[in-house]
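Presented below is the structure to which this report refers.
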């Protein structure tokens, strides 16, 4: 799996409200079936036992209460979103849907509902899951306690000051994480880069418009080490880029053609590997007689033009020296 696919999958899991409740419902069904099997080998005191009618009534009430409470939580979430849409930015909406307490509450409610329904359909006159009914009551208490925490958390997060602190802490964590990753990768440069006239060896552009959400810093550093070059990230995370905009540039040793010998230049921020690659490039050009081959390909006329221009430059330099004297 590529890094891009893994990142999109992770963002989908973090942003979805239905995935964790679905997992909670499946676990509730499996746990209910397991408790029925375990209940046959567990002997509880008399005050923990229930009749078939009492167990059916209790579990039916739990199923109805969990369904109603789940609907209430969803309604509260939708109302909060509607109220916050006109006041706060879309970044806060993203944090709202990713709230862990909201997802845990929905998962617990759906799981308790599925668990109680799994027990309810197993109740018979000769088989009453006493342990399962007791566990269902405990799950209801946990769900109510988590619901109170959820309600208090949402009410406090609607304050503008709390929203500002939440968004700032979220952005700060992301900035520190990527800054630390780039600081640990000397082959990756993040920010404004001045190559001092040297053109990039490779430019990567966007195929479609969008916002930059993340960078695979480790992958960029690994690619830079393999190709012995410097990778420059042209935009920051969160920037909106148009189609065809430059995202990444690479710099390394570049050959200067049209001179009388083999010349390779590199930028001032070159790493040790980049300098080594530039030296290797110069050695390969010298062994391949690239200068002589260019002269042969261009012809004598182009060479005469260069020589004539050099002679004229030398004459002007001699005239300047004579004037100075």
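The values are calculated or read from the model by the stated rules, or taken from the named source; none is laboratory data. Note that the coordinates shown come from a computational prediction; the quantities given were computed from them, not determined experimentally. Virtual Cβ from ideal backbone geometry, glycine too; neighbours counted across all protein chains shown.
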Worksheet entry | Enumeration of residues in the stretch 1-18 that are under 24 Å from residue 101 (Cβ atoms), assigned to a helix (DSSP H, G or I) and touching a residue at least 60 places away in the same chain (Cβ under 8 Å) | 11, 14, 15
Discussion item. Cβ contacts < 7 Å: first residue under 16 Å from residue 224 (Cβ atoms), restricted to the stretch 171-192; second residue modelled with pLDDT under 75 and assigned to a loop (DSSP other than H, G, I, E, B), any location; separation 6+ or different chain. Result?
Written reply: 186/271; 187/271; 189/269
Response to the item:
Within the stretch 41-69, residues in a loop (DSSP other than H, G, I, E, B), touching a residue at least 40 places away in the same chain (Cβ under 8 Å) and exposed (fewer than 14 other Cβ atoms within 10 Å of the Cβ) come out as 42, 44, 51
Worksheet item: Out of (1) surrounded by 13 or more Cβ atoms within 10 Å (Cβ to Cβ); (2) touching a helix residue (DSSP H, G or I) at 6+ places or on another chain (Cβ under 9 Å); (3) outside any strand (DSSP E or B); (4) at pLDDT 65 or above, what's the single condition that is false for residue 231?
Response: (3)
Worksheet item: Of all the residues that make up the stretch 31-40, how many are at pLDDT below 85 and either more than 50 Å from the chain's Cα centre (by Cα) or surrounded by 12 or more Cβ atoms within 10 Å (Cβ to Cβ) (or both)?
Response: 1
Response to the item:
Counting only residues in the stretch 279-290 that are at pLDDT 70 or above and in contact with a strand residue (DSSP E or B) (Cβ under 9 Å, 6 or more places away or on another chain), the one nearest to residue 229 (Cα to Cα) is identified as 279
Worksheet item: Residue check, residue 127 against (1) assigned to a loop (DSSP other than H, G, I, E, B); (2) surrounded by 19 or more Cβ atoms within 10 Å (Cβ to Cβ), all met but one. Which one?
Response: (2)
Worksheet item: Listed residues 166, 215; which is more than 28 Å from residue 279 (Cα to Cα) and part of a loop (DSSP other than H, G, I, E, B)?
Response: 215
Worksheet item: When the residues of the stretch 206-218 are filtered to those that are surrounded by 13 or more Cβ atoms within 10 Å (Cβ to Cβ) and touching a residue at least 40 places away in the same chain (Cβ under 8 Å), which remaining residue is nearest to residue 174 (Cα to Cα)?
Response: 214
